[in-house]
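The values are calculated or read from the model by the stated rules, or taken from the named source; none is laboratory data. Just so you know, these numbers come straight off a predicted model, no measurement behind them. A quick note on method: Cβ atoms are made from the backbone with ideal geometry, for glycine too, and the neighbour counts reach across all protein chains shown. When the accessible area is computed, the model is the full protein with side chains, heavy atoms only, and any ligands, DNA or RNA have been set aside. Shrake-Rupley method; radii C 1.70, N 1.55, O 1.52, S 1.80 Å.
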Amino acid sequence: YDLDTWNEIMATNIGGMFLMAQSVGKWMIDSGVKGSIIQIASIYGILGPKDRIYEGSEYEGMPISTSPAYPASKGAVIAWTRYLATAWAKHGIRVNTITPGGVESGQNDEFKARYGKEVPLGRMAEASEMAGALVYLASDASSYMTGQNLVVDGGLTVW
């Protein structure tokens, strides 16, 4: 992997989070708006990639692989969440992250089968299965929660 690819992934995955937080956070603080900011990381922000699941795997017809910049950038999202949570708590702004496990989105059957063998629930998530975690973190039900990383992974991290 070259430095240009690394920089592009970092600019998108953590640079984008920085710019969004900078804009939204400033507006919230200046306006006195209290609330919740929810960032999205990835299971690879807390786990190393499992290369064995990628053999024969494709996403929309292209081979699947994981750049080293991807997990580094997603781990940075979690650290960024913790920083913002401590910096903005005094303004009544809570900042948390959701870390989804594998979400079905066009991977071939080979990948889905290999991934499912790594997960206690035996399958990838549907995107809609992240909604409950989002609603929880956005609501007052999580009013005493900030700086946390809510992992929604079908049990992948328990093994």
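Points to keep in mind about this one:
- For the chain, the membrane-span-like helices by this rule, meaning whole DSSP H stretches whose C-alpha atoms cover at least 18 Å of axis and whose Kyte-Doolittle mean is 0.5 or above, are 16-31; this says nothing about an actual membrane.
- Accessible area (Å², per residue) of the chain, counting only protein heavy atoms and a probe of 1.4 Å: 56
- Accessible surface ranking for TRP88, TRP27, TRP159, 1.4 angstrom probe, highest first: TRP159, TRP27, TRP88.
- With both residues required to sit in the stretch 17-158, DSSP beta bridges show an antiparallel share near 20%.
- In this structure, the amide hydrogen of ILE93, modeled 1.01 Å from its nitrogen in the peptide plane, lies closer than 5 angstrom to those of GLY35, counting only residues at least 5 positions away or on a different chain.
- Counting lysine pairs in the chain that sit 8 or more residues apart in sequence, or on different chains, and whose Cα atoms lie under 26 Å apart gives 11.
- Accessible carbon and sulfur surface of the stretch 118-159 relative to its total accessible area, %, 1.4 Å: 59
- Shown for the stretch 51-111: the carbon plus sulfur share of the solvent-accessible area, taken with all protein chains present and a 1.4 angstrom probe, equals 53%.
- Positive end of the dipole of the chain (Cβ unit charges, origin at the Cα centre): among GLY45, TYR136, VAL119, the Cα lying farthest that way belongs to TYR136.
- Order of exposure, largest accessible area first, which applies to TYR54, TYR144, TYR70, TYR1 with probe 1.4 Å: TYR144, TYR1, TYR70, TYR54
- In loop segments of the stretch 41-138 as defined by DSSP, the trypsin sites (Lys or Arg not before Pro) with at most 16 further C-beta atoms inside 10 Å of their C-beta are LYS50, LYS117, ARG123.
- Estimated purely from DSSP H runs of n ≥ 4, each contributing -39500 (n - 2.57), the mean residue ellipticity at 222 nm for the chain is -11500 deg cm²/dmol once divided by its residues.
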